[in-house]
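Each remark here refers to the structure printed beneath this line.
The values are calculated or read from the model by the stated rules, or taken from the named source; none is laboratory data. As the structure is a prediction and not an experimental result, all values here were calculated from the model. Cβ atoms come from the backbone with ideal geometry, glycine included; neighbour counts cover every protein chain shown. The protein model used for the area step is the full one, side chains on, heavy atoms only, and it has no ligands, DNA or RNA in it. Shrake-Rupley method; radii C 1.70, N 1.55, O 1.52, S 1.80 Å.
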Amino acid sequence: PEISHDSTEVADCYGDEASAWTRTTLLGRQVALSFDRTCNDKYGRALAYVFLTDDGATYDLDECLSGTCSVPDDTSATPVVLVNDIVIRYGYARVYEDFDDIRLAELLYDAQTAAKAGNRGLWSSCE
């Protein structure tokens, strides 16, 4: 869901909850990013797979979100948790469907199906 970007906008249903969960979960954590062929949406936002890692050889999420980090094609980070899967599985997000080159589409749609079936997050609160 979309969050509000200033005081004149209203967040989408469950946008504030999704934002709060993501901040609480990831703030100060180290992550590694991986991209499909499409790296940005039409608004310039990064479209990335976000992995929590355990070896410290990763990139700071805040830096990446502000556009100040560069992520090499080959990283030595060992992905341990796919955040995208968790966010969707708990109902904090939907699969972003604007592109047909989603490498992990099957996994993410499975997570979305589980969230819907479990009536989790936005699936219990939004139409």
Legend entry - Long-range neighbours under 7 Å by Cβ, at least six apart or interchain, first residue in contact (Cβ under 8 Å) with a residue 12 or more places away in the chain within region 103-124, second open to solvent by 90 Å² or more (accessible area, probe 1.4 Å): Q112/R94; A115/Y90; R120/Y90; G121/Y90; W123/K116
Inset, instruction - Name the single residue, out of those in region 90-109 being open to solvent by 50 Å² or more (accessible area, probe 1.4 Å), in a helix (DSSP H, G or I) and modelled with pLDDT under 90, that is farthest from Y49 (Cα to Cα). - result: E106
Inset, instruction - Please specify each residue of region 22-38 satisfying the condition of being under 13 Å from the mean Cα position of the chain (by Cα) and open to solvent by less than 60 Å² (accessible area, probe 1.4 Å). - result: T22, T25, L26, V31, A32, L33, S34
Inset, instruction - Please work out if E17 is open to solvent by 40 Å² or more (accessible area, probe 1.4 Å), at pLDDT below 65 and of a type in the set (D, E). - result: no
